[in-house]
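Have a look at the structure below before the remarks.
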Amino acid sequence: METNESYKRLLDGNRKYALSKKFDDPDYFKKMAISQTPEYLWIGCSDSRVPANEVTGTQAGEMFVHRNIANLVVHTDLNLLSVLEYAVEILHVKQIIVCGHYGCGGVRAAMSNDTFGFVDNWLRNIKEVYNKHHQELEAIIDTDKRADRLTELNVIEQVRNLAKTKIIQKAWQNRTLQVHGWVYGMDNGFIKELNTLYDEAEDLEPIYRYKL
């Protein structure tokens, strides 16, 4: 079977990328192969239109990245927890960013009563956020604006979920580590900071604070 042209385009793009990097710096890949020392952990949506490095103007090696549908932080998600533990305890990142984006398909799906298959189990987490803030959300008549606000509330909730983890609270005992919430504007390219900084266990209600 002949290889599809769109598939070939990826390999051609890789060759151009590798050659251009070597042209600019002959030792670029040698330096990249030694180690990574990122300052940031990005927890974002899987949406292909929100590439973490591009929207923040950072280079390879500067940002450790985890992505899933609707940028959720679920306390039973071993994938996310493994990434978080490695980023915090091994890479010693200093900043963690949960970044959602307006126009998120996962958020919109969670607002409906339709079924979408296996992902319904995942979107249940966003429905919980909706239910928690249903009075505020249902007072917003415009559906798009309601979805935008749920996107923001979802990010705020996921930042809190990070702060509730033992991984984050253990780090706070020994060093500075900040957790932030952002939303990316798909229609203008700008990031909105939600002013949801968590940098100590005291930012949480007492029931969530571990004795470590």
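Side notes on the structure shown:
- Note on the chain: antiparallel DSSP beta bridges, both residues inside, total approximately 20 percent of the bridges counted.
- Projected label points at S46 and E200, each 7 Å from Cα along the beta carbon direction, are separated by 3.9 nanometres.
- Distance violations [Cα-Cα > 19 Å] among K94/K164; K166/K211; K145/K192; K94/K170; K164/K211: none
- Using R0 = 22 Å, the C-beta based FRET efficiency linking H133 and I207 works out to 0.65.
- Within the chain: Cβ-based charge dipole about Cα centre, in debye rounded to nearest 20 (Lys, Arg +1; Asp, Glu -1): 520
- Here the chain has an Rg and Dmax of 19.3, 61 Å, counting Cα atoms alone.
- Ranked packing of 63-76, 174-187, 24-37, 96-109, most packed first, by mean Cβ within 10 Å: 96-109, 63-76, 174-187, 24-37
- Ordering F64, F190, I156 by Cα displacement along the dipole of the chain toward the positive end leaves F64 in first place; charges were set at the Cβ atoms of Lys, Arg (+1) and Asp, Glu (-1).
- Spread of Cα-to-Cα distances over 5 Å intervals beginning at zero, given as percent, for the stretch 1-46: 5, 15, 14, 14, 18, 20, 10, 4, 1
- The stretch 10-48 and the stretch 174-211 have Cα centres separated by 28 Å.
- Assigned charges on the beta-carbon of Lys, Arg, Asp, Glu; the stretch 49-170 dipole about Cα centre (debye): 260
- Mean Cα-pair separation over length for the chain, i.e. relative contact order, pairs under 8 Å, 6 or more apart, %: 19
- Restriction of the GluC sites (Glu not before Pro) in the stretch 99-163 to DSSP coil positions whose beta-carbon has at most 10 other beta-carbons within 10 angstrom yields no sites.
No lab work stands behind these numbers, since they all come straight from the coordinates. Quick caveat: nothing in here was measured; it's all calculated off a predicted structure. Here Cβ is always computed from backbone atoms with ideal geometry, including for glycine, and neighbour counts include all displayed protein chains.
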